[in-house]
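What follows is a set of notes on a single structure, which appears directly below.
The values are calculated or read from the model by the stated rules, or taken from the named source; none is laboratory data. Everything quoted here is computed from the prediction, not taken from an experiment. Neighbour counts run over all protein chains shown; Cβ positions are idealised from the backbone, glycine included. We work out accessible area using only protein heavy atoms, side chains counted, and drop any ligands, DNA or RNA first. Shrake-Rupley method; radii C 1.70, N 1.55, O 1.52, S 1.80 Å.
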Amino acid sequence: MKFNQAISLIDQANKKDPNTEEYKGVTYAKEYIYGVRMSERLDVFMPDAPESLKLAARCQHICRWEIPRDSYPMDRVGYLTWRNDLKKLHAKKAAEILTSVGYEDEVIDEVQFMLLKKQLKKNELTQALEDVICLVFLEFYFDEFAEKHSEEKIIDIVQKTWAKMSEKGHEAALQLPFSESGLALVQKALA
């Protein structure tokens with residue numbers, strides 16, 4: 001089946017990530033475990049998600065390490081340029097894999113559309129992908145991020161994250177298993 005072949009190839013690409021993360025005593029390639037988390041969260045958030053959204057979720061960070069953050073100026077413009085270049089990389093890599101397993105142009109275009117974050121807040125699938133991205137960040141990466149930054153910056157990030165999400169995303173976020181300190185920061189940001 002094309003879908004399983006595509007997921008396998010996406011995972012193979014992400015397992016090449018030289019950066020690792022330990023989770024529950026097991027060491028994983030960082031972007032591989034991220035892709036798995038995206039798929040798992042999407043299955044909970046939108047169990048009836050179309051195949052294109054499932055593919056986009058798994059590709060969200062494909063080969064992200066190929067464009068390191070520190071190869072751009074460490075300011076807002078540098079950050080936004082980096083993020084934009086990453087979106088293009090993810091869309092390109094996704095298209096290459098999906099083409100190689102025989103997906104139709106229509107599916108490939110839809111996946112790329114979502115990965116490029118087109119029509120956020122207007123397109124249901126792009127918005128669902130963004131919601132899942134935000135949920136995975138809040139569930140798995142928020143506490144570690146919060147430890148490295150000032151409370152003021154964290155509150156700003158939570159507010160910006162919240163603004164990108166739909167009402168359904170907000171409801172799902174409030175059900176996440178936050179740490180005590182993480183929940184306090186989220187509540188402060190939303191007050």
Of Lys118, Lys153, Lys122, Lys160, which residue is in contact with a helix residue (DSSP H, G or I) (Cβ under 8 Å, 6 or more places away or on another chain), basic (Lys, Arg) and surrounded by fewer than 18 Cβ atoms within 10 Å (Cβ to Cβ)? Lys118
Check on Val36, closer than 16 Å to Cys134 by Cα, at pLDDT 95 or above, in a helix (DSSP H, G or I) and more than 12 Å from the chain's Cα centre (by Cα): no
Got a sec? Which of Val36, Val44 is open to solvent by 30 Å² or more (accessible area, probe 1.4 Å) and not aromatic (Phe, Trp, Tyr)? Val44
For Lys88, indicate whether it is out of contact with any Asp or Glu (no Cβ under 7 Å at 6 or more places or on another chain), in a helix (DSSP H, G or I) and among the basic types (Lys, Arg). yes
For the structure I just gave you, tell me whether Val77 is exposed (fewer than 13 other Cβ atoms within 10 Å of the Cβ), under 20 Å from Lys164 (Cα atoms) and without any contact (Cβ under 8 Å) to a residue 60 or more places away in the chain. yes
From Ile97, Ile108, which residue is open to solvent by less than 20 Å² (accessible area, probe 1.4 Å), more than 15 Å from the chain's Cα centre (by Cα) and under 19 Å from Asp11 (Cα atoms)? Ile108
So which pairs qualify, if the first residue must be in region 34-50 and on the phi < 0 side of the Ramachandran plot, the second must be buried (at least 16 other Cβ atoms within 10 Å of the Cβ) and not in a helix (DSSP H, G or I), the Cβ gap must be under 6 Å, and the two must be at least 6 apart or on different chains? Tyr34/His61; Met38/Gln60; Leu42/Ala49
Among the residues of region 158-184, count how many are among the hydrophobic types (A, V, I, L, M, F, W, C), assigned to a helix (DSSP H, G or I) and in contact (Cβ under 8 Å) with a residue 24 or more places away in the chain. 4
I want to confirm something. Restricting to region 1-27 and keeping residues that are within 18 Å of Cys63 (Cβ to Cβ) and assigned to a strand (DSSP E or B), which single residue is least open to solvent (accessible area, probe 1.4 Å)? Glu21
Taking the options Arg64, Arg58, name whichever one is modelled with pLDDT of 95 or more, basic (Lys, Arg), open to solvent by 40 Å² or more (accessible area, probe 1.4 Å) and within 21 Å of Glu22 (Cα to Cα). Arg64
Report yes if some residue within region 174-190 is within 22 Å of Arg41 (Cα to Cα), surrounded by 20 or more Cβ atoms within 10 Å (Cβ to Cβ) and under 15 Å from the mean Cα position of the chain (by Cα); otherwise report no. no
